[in-house]
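One structure is given here, and the rest of the page talks about it.
The values are calculated or read from the model by the stated rules, or taken from the named source; none is laboratory data. All of these numbers come straight from a predicted model, not from anything done at the bench. Counting neighbours? That spans all protein chains shown, and the Cβs are built from the backbone with ideal geometry, glycine included. What goes into the accessible areas is simple: the full protein's heavy atoms, side chains included, and nothing from ligands, DNA or RNA. Shrake-Rupley method; radii C 1.70, N 1.55, O 1.52, S 1.80 Å.
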Amino acid sequence: MAGRRRHIGDLPGEIQDLFAELWHVPRYAAQRHGFRPQCDVYRTEDPPALHVVVELPGVDPSSVQLVAVGSSLVVSGTRERPQATGARYHQMEIEYGAFQRQIDLSEIVDTSRARASYDAGMLRIELPLAAASQPGQRVSIEVHRP
């Protein structure tokens, strides 16, 4: 890939994502494996930070947990199926259930200054870059709604 340096540390996550996509159960299959939200990660220079955007439509933000562990961010929670009393489904394509995404961070971040917000089904996490290496500790990040 031109213009993008790849790190050997990214390889396990990329392989895991590849297999998840290759072996994903087709939407029309009776057996489901749950919801796997999509995400984007980008870096800004002013201020220097990593930004993570996770698509979580239909997810109650109170069910979302964010934990920074070492050089990874773990986003987990549950998307509950709405109760349809007395209904018979004719088609079921929307995936529900528990989810967990582990996002490998390419740079060292200051988790004490991390911020997260949830609006219109999009979870946005800002992780300011750390001036120096920080010890690998487990830190929870609170999600704020506007």
- Message: What are the pairs with Cβ atoms under 6 angstrom where one residue, in the stretch 34-55, is within 11 Å of L123 (Cβ to Cβ) and the other, located anywhere, is in a loop (DSSP other than H, G, I, E, B)? Sequence gap at least six, or different chains.
- Response: P37/L56; V54/P37; E55/P37; E55/Q38
- Task: Among the residues of the stretch 94-113, write down those that are more than 15 Å from the chain's Cα centre (by Cα), surrounded by 15 or more Cβ atoms within 10 Å (Cβ to Cβ) and of a type in the set (A, V, I, L, M).
- Result: I108, V109
- Can you find even one residue in the stretch 80-93 that is open to solvent by less than 70 Å² (accessible area, probe 1.4 Å), aliphatic (A, V, I, L, M) and under 18 Å from Q16 (Cα atoms)? no
- Query: Residues of the stretch 56-72 being in contact (Cβ under 8 Å) with a residue 60 or more places away in the chain and in a strand (DSSP E or B), which ones?
  - Reply: Q65, L66, V67, A68, V69
- Task: Pick out the one residue from S117, S106 that is of a type in the set (S, T, Y) and over 22 Å from F35 (Cβ atoms).
- Result: S106
